[in-house]
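Heads up: the structure comes next, in structure tokens.
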Amino acid sequence: EPEVTQTPSHQVTQMGQEVILRCVPISNHLYFYWYRQILGQKVEFLVSFYNNEISEKSEIFDDQFSVERPDGSNFTLKIRSTKLEDSAMYFCASNQGGYTFGSGTRLTVV
Amino acid sequence: GQQLNQSPQSMFIQEGEDVSMNCTSSSIFNTWLWYKQDPGEGPVLLIALYKAGELTSNGRLTAQFGITRKDSFLNISASIPSDVGIYFCAGETDGKGGSEKLVFGKGTKLTVNP
């Protein structure tokens with residue numbers, strides 16, 4: 001069964017550093033997403049991406065966040081200058097008549 | 001913004017018991033989804049509901065989409081230890097640009113005692 005693949009599975013970074021979280025969506029899907037889940041809380045929408053541009057972003061997705069699909073295969077989430085409160089699980093998803101989530105990247109900002 | 005109220009927050013049951021959890025919302029959703037999340041993993045879709053009033057089963061799982069499109073329940077019959085996990089309801093809404101986004105409930109943490 002097709003999968004959404006995320007790397008790394010766990011990333012530890014110093015506060016203020018830039019991080020890039022990587023995702024390989026399902027190949028024939030057209031809509032891509034990033035969601036976030038702070039430990040013990042619900043999953044929250046960050047951003048949707050279609051046709052090489054952002055379709056919608058939430059209030060959480062401020063100027064420190066950006067997304068890119070650099071090569072037609074990868075879909076990345078960049079956090080420019082991480083804060084302690086960015087520590088969370090970040091899930092990539094793709095959608096084409098049904099959502100598929102990746103296993104997530106656990107980001108720990110210290 | 002749109003919110004889903006999911007209850008109960010946690011459940012502790014004996015193996016073999018039936019389980020019921022539900023979600024309500026003040027907003028209407030096009031589609032209602034139930035996910036299960038194991039520790040360190042992403043949400044895995046259990047059941048998708050598309051029509052108001054729809055009742056759908058997937059093995060020991062049964063879910064219904066409320067007639068008003070503002071609520072749903074999930075039942076698990078004859079629970080087994082591998083049912084342990086966090087169950088999330090999610091409503092699918094029309095996002096901008098045709099992308100459909102999900103709004104999640106806070107989850108129900110299920111513990112099954114053998």
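The values are calculated or read from the model by the stated rules, or taken from the named source; none is laboratory data. Since this is a predicted model, take the numbers as computed values, not measurements. Note that we place each Cβ from the backbone using ideal geometry, even for glycine, and neighbour counts take in every protein chain shown. Each accessible area value is taken on the protein alone, full model and side chains, heavy atoms only, with ligands, DNA and RNA left out. Shrake-Rupley method; radii C 1.70, N 1.55, O 1.52, S 1.80 Å.
Here are the numbers for the structure shown:
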quantity: Qualifying residue in segment B:64-72 (condition: under 23 Å from A:Glu1 (Cβ atoms) and either open to solvent by 50 Å² or more (accessible area, probe 1.4 Å) or touching a residue at least 40 places away in the same chain (Cβ under 8 Å) (or both)); calculated: no
quantity: Qualifying position, being outside any strand (DSSP E or B) and not charged (D, E, K, R), among A:Ser48, A:Ser103; calculated: A:Ser103
quantity: Single residue of B:Phe12, B:Phe73 found to be of a type outside the set (S, T, N, Q), over 29 Å from A:Asn52 (Cβ atoms) and under 11 Å from the mean Cα position of the chain (by Cα); calculated: B:Phe73
quantity: Matching residues in segment B:80-114 - criterion: being over 22 Å from B:Gly40 (Cα atoms) and either away from chain A (no Cβ under 14 Å) or in contact (Cβ under 8 Å) with a residue 60 or more places away in the chain (or both); calculated: B:Gly91, B:Glu92, B:Thr93, B:Asp94, B:Glu100, B:Pro114
quantity: Leading residue by the ranking (nearest to the other protein chains (Cβ to nearest Cβ)) among those in segment A:68-90 that are under 26 Å from B:Phe88 (Cα atoms) and part of a strand (DSSP E or B); calculated: A:Met89
quantity: Qualifying residue in segment B:30-43 (condition: within 14 Å of chain A (Cβ to nearest Cβ), open to solvent by less than 40 Å² (accessible area, probe 1.4 Å) and basic (Lys, Arg)); calculated: yes
quantity: Conditions (1) in a strand (DSSP E or B); (2) surrounded by fewer than 20 Cβ atoms within 10 Å (Cβ to Cβ): number failed by B:Gly91; calculated: (2)
